[in-house]
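In what follows, a structure is listed as structure tokens, so that the remarks can point back to it.
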């Protein structure tokens, strides 16, 4: 049976930002597939919802949170490093709901250090979870998203300062943004005008399991954090926007909400009421286009071994 609701697959939805996105999309009429590695034995669930920033928050608890509020959610475990696991995730999604309308990719591995202090295994893990995992999920999902689907990727704008002090991490995250730019061009070239892929990144640090590591040591740093609802609000805005307006865009949550959704007061997103969180992203970002943007020269398609 095909779901009467639009279906959103949120990968990396067990806690933090991903959990918030899943919960808020469900509250706005989406049936949600809650996907990540972490699960909870249903027999060990308690009535109390776990801390959404803790390891006790899993796809099982998030799905129950959504269904308890009257929403529709299905938890499906996935390891994005495994092609078989990714293919099974998409197959189970279609078997359950008969459709797929939105893909949000929030999975991520983090290690911020210099090249000299980033072990090869750490580098490889980040590449497998970040750009490779994204690529695998998109490839498996694309046949079901065509011709009207939306994809939202948690990856940053492309600018030089982002590389500083975390080169190995930046290589993967920037690669995800390159995928956004390139796939958007594919959509346009193929005439898929109702499809869009958009990357989104926080302008101000967002409360999460990652930031909690720092605020536990220095609680005063909470004044520079925003609630993850700013991210889910921006994603909802992206999904409600015309495809042509957001396809291939690398947006910041605050800037998108201000420039495209008319938001002027961001105080409700502050973790500490009355605080003025420090912006971590540049006020202006470089334009990646060139004067010869539309001159492709003689393209070669390796899949068909032909010149186009």
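The values are calculated or read from the model by the stated rules, or taken from the named source; none is laboratory data. This structure is a prediction, so every number in the text was calculated from the model and none was measured. Cβ placement follows ideal geometry from the backbone for every residue including glycine, while neighbour counts extend to all protein chains displayed.
With the requirement that a residue be free of Cβ contacts under 8 Å to residues at least 40 places away in the same chain and loosely packed, with under 14 Cβ neighbours inside 10 Å, what does region 12-56 give you?
The answer is 29, 41, 42, 43, 44, 46, 47, 48, 51.
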Filter region 264-308 for residues that are in contact with a strand residue (DSSP E or B) (Cβ under 6 Å, 6 or more places away or on another chain) and exposed (fewer than 10 other Cβ atoms within 10 Å of the Cβ) and give the result.
-> 298, 307, 308
Residue that is in contact with a strand residue (DSSP E or B) (Cβ under 7 Å, 6 or more places away or on another chain), crowded, with 22+ Cβ neighbours inside 10 Å and outside any helix (DSSP H, G or I), where the choices are 152, 137 = 152
(1) touching a strand residue (DSSP E or B) at 6+ places or on another chain (Cβ under 7 Å); (2) modelled with pLDDT under 95 all hold for residue 199 apart from (2)
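Here's the yes/no breakdown for (1) closer than 23 Å to residue 193 by Cβ; (2) out of contact with any helix residue (DSSP H, G or I) (no Cβ under 9 Å at 6 or more places or on another chain); (3) modelled with pLDDT of 95 or more; (4) assigned to a loop (DSSP other than H, G, I, E, B):
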| position | (1), (2), (3), (4) |
| --- | --- |
| 211 | no, no, no, no |
| 222 | no, no, no, no |
| 230 | no, no, yes, no |
| 257 | no, no, yes, no |
| 289 | yes, yes, no, yes |
| 295 | yes, yes, no, yes |
Members of region 59-89 that are closer than 21 Å to residue 125 by Cα, out of contact with any helix residue (DSSP H, G or I) (no Cβ under 6 Å at 6 or more places or on another chain) and buried (at least 20 other Cβ atoms within 10 Å of the Cβ) | 89
Among the residues of region 90-108, is any assigned to a loop (DSSP other than H, G, I, E, B), modelled with pLDDT of 95 or more and surrounded by fewer than 15 Cβ atoms within 10 Å (Cβ to Cβ)?
-> yes
Between a first residue in region 176-201 that is more than 12 Å from residue 151 (Cβ to Cβ) and a second residue that is surrounded by fewer than 16 Cβ atoms within 10 Å (Cβ to Cβ), which pairs have beta carbons less than 8 Å apart while being 6 or more apart in sequence or on different chains?
-> 181/288; 193/244; 194/147; 194/148
